[in-house]
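The values are calculated or read from the model by the stated rules, or taken from the named source; none is laboratory data. These figures come from a predicted structure and were not determined experimentally. Ideal geometry is used to build each Cβ from the backbone, glycine not excepted, and the neighbour counts take in all protein chains shown.
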Amino acid sequence: MSATTAPVPTPALPRPRPFADAMTMLDRQLRHARRYPELTVIVLLVPVILLVLFVMVFGGALGAGLVPGASGAGRGAYADYVLPGILVMTIASIAQGTSTTMAMDTTQGIIDRFRTLSIAPGAVLSGHVLAATIQSLLSMVVVTGVGLAVGFRPQAGATDWLVVAALLAGVSFGVSWLSVALGLASRTVESASNYPMPLVLLPFLGSGFVPTDSMPAGLRWFAEYQPFTPIMDAVRGLLLGTPVDASTVWLAAGWCVVFTVVGWWLARRLYARPRRA
């Protein structure tokens, strides 16, 4: 009589840990950023160069229009005006890099490997988003420092600075989700670097560089109702200590929520979708 062999139990896979997995993916992205700092430098150069160019070259003439009759105050006045637009442009520039790195992971098969591991699906995406948000905040600190060097003089109190920091962090977080979704949707790394370009251009087509009331009627309508204008207006008013309509701040916060929800939804759907050849 032969003894029956008991079936060998299949070892259970470890259960995903969303928070721990997200922190692991964040550490991976931060290590990647430290290993290739030129990627951050390249995307940061654009807003820094534009800030110096507009303030030092065009600031005297443009600032004189903002403060008529104020002798010698034109360049400083324009530095105060333009910095919020440059800060938003910095966020959009970092989004280009985030979309590119997301596309690199996708096209090189790393995302397919992650799908086979016991990793929470949202953790891979959250790692990219959190790293991009941190990168954006650090880059904006650098841009603000350059702004102070070329004449920016904020009048904000401690509470105003906290609101500005929270608002810019919210914009960075939402735009980072959008950039991750764009990277997942891209067939190539080259196209991923181009998809976020409209985000970089939007500050030009809003109140970032000149007041909207100086624009032609059709362009003025678009500039006043596009997402970045209330964000830039709220940041400008808070930094300069000028009266800011509460509805502008709430509208800016609302756009942060819209960016986050739409970007998160698109990114999760694209991550779950099999990649087409």
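Data table
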read-out: All positions within region 235-252 that are without any contact (Cβ under 8 Å) to a residue 24 or more places away in the chain and of a type in the set (A, V, I, L, M, F, W, C); value: Val244, Ala246, Trp250, Leu251
read-out: Of all residues in region 195-227 being closer than 24 Å to Val48 by Cα and polar (S, T, N, Q), the one that is surrounded by the fewest Cβ atoms within 10 Å (Cβ to Cβ); value: Gln226
read-out: Matching residues, region 195-226, being under 11 Å from Gln96 (Cα atoms) and in a helix (DSSP H, G or I); value: Met197, Pro198, Leu199, Val200
read-out: Test: Ile119 is within 22 Å of Thr24 (Cβ to Cβ), in contact with a Phe, Trp or Tyr (Cβ under 9 Å, 6 or more places away or on another chain) and at pLDDT below 85; value: no
read-out: Any hit, region 181-194, residues being surrounded by fewer than 19 Cβ atoms within 10 Å (Cβ to Cβ), part of a helix (DSSP H, G or I), without any contact (Cβ under 8 Å) to a residue 12 or more places away in the chain and more than 14 Å from the chain's Cα centre (by Cα); value: yes
read-out: Any hit, region 92-101, residues being surrounded by fewer than 17 Cβ atoms within 10 Å (Cβ to Cβ) and in a helix (DSSP H, G or I); value: no
read-out: Selected residue (criterion: modelled with the lowest pLDDT) from residues of region 1-42 that are in a loop (DSSP other than H, G, I, E, B) and surrounded by 10 or more Cβ atoms within 10 Å (Cβ to Cβ); value: Pro16
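Every residue, every condition in (1) among the charged types (D, E, K, R); (2) modelled with pLDDT of 95 or more; (3) in contact with a Ser or Thr (Cβ under 6 Å, 6 or more places away or on another chain), yes or no:
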position	(1), (2), (3)
Leu66	no, no, no
Arg75	yes, no, no
Ile86	no, yes, no
Ser93	no, no, no
Met104	no, no, no
Arg115	yes, no, no
Val124	no, no, no
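Here is a yes/no grid of residues against (1) small (Gly, Ala, Ser); (2) surrounded by 19 or more Cβ atoms within 10 Å (Cβ to Cβ); (3) in contact with a His (Cβ under 9 Å, 6 or more places away or on another chain); (4) not in a helix (DSSP H, G or I):
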| residue | (1), (2), (3), (4) |
| --- | --- |
| Thr229 | no, yes, no, no |
| Leu238 | no, yes, no, no |
| Thr242 | no, no, no, yes |
| Val249 | no, yes, no, no |
| Ala253 | yes, no, no, no |
| Phe259 | no, yes, no, no |
| Gly263 | yes, yes, no, no |
| Leu266 | no, no, no, no |
| Arg269 | no, no, no, no |
